[in-house]
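Computed from the coordinates by the stated procedures, all read-outs in this text should not be read as laboratory data. Not measured: the values here are computed from a predicted model. FYI the Cβ positions are ideal-geometry reconstructions off the backbone, even for glycines, and counts take in every protein chain you see.
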Amino acid sequence: MLQTKDSILDTIANLIREVIGEDWVDEINITQHTSFNGELELESIEFVALAEKLQNHFGDDINFVGWLSEKELEDIIALTVGDVAEFIQSCQ
C-alpha cells in the first residue's frame with residue numbers, strides 16, 4: 001500500500017524519537033525541514049539504528065545505507081527528514 005509523504009514523515013519522526021530515546025526530542029516539532037545534523041544531532045550509531053528501523057517498518061526495498069553511501073559528505077551533513085521521506089516514497 002502506497003503511503004503519502006505526510007504519513008511517511010510521521011512514521012520517520014516516531015522512529016527518530018524511538019532511536020534518540022530522550023525527553024528533549026519530544027519537544028521538537030520534526031518536519032520535512034528538520035536537519036539530522038543540526039536540530040537532531042544524530043550520531044552515527046543512531047543513524048545505523050534508524051536505518052534498521054526504517055527497513056523493518058517499510059520493507060527490504062528501503063536500502064537506506066546504500067542510498068546514503070551514494071551521497072557526498074556535505075549532502076549527508078545537510079540531510080533532512082524530508083529527504084529521507086522522499087527516498088522512501090520513491091521506493092514504493
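Can you work out D for the chain in µm² s⁻¹ from Stokes-Einstein, where Rh is the Kirkwood radius over C-alpha pairs, the temperature is 37 °C and the viscosity is 0.692 mPa s? Approximately 248 µm²/s, per Stokes-Einstein.
Using the Karplus relation 6.51 cos²θ - 1.76 cosθ + 1.60 with θ = phi - 60°, the per-residue 3J(HN,Hα) values for segment 40-55 come to 8, 6, 5, 8, 4, 5, 5, 4, 4, 5, 5, 4, 5, 5, 4, 5 Hz, with x marking Gly and Pro. Extension gain, residue 71 to residue 17: 0.36 nm times the residue separation minus the Cα-Cα distance gives 17.0 nm.
Could you grab the Rg to Rh ratio for segment 30-74? Cα atoms only, Kirkwood for Rh. Computed over Cα atoms, the ratio is 0.97. Comparing 81, 19, 65 in a Gaussian network model of the chain (Cα springs below 10 Å), the most mobile by mean-square fluctuation is 65. Exposure proxy shown here: for 71, 53, the number of other Cβ atoms within 10 Å sets the order, fewest to most, as 71, 53.
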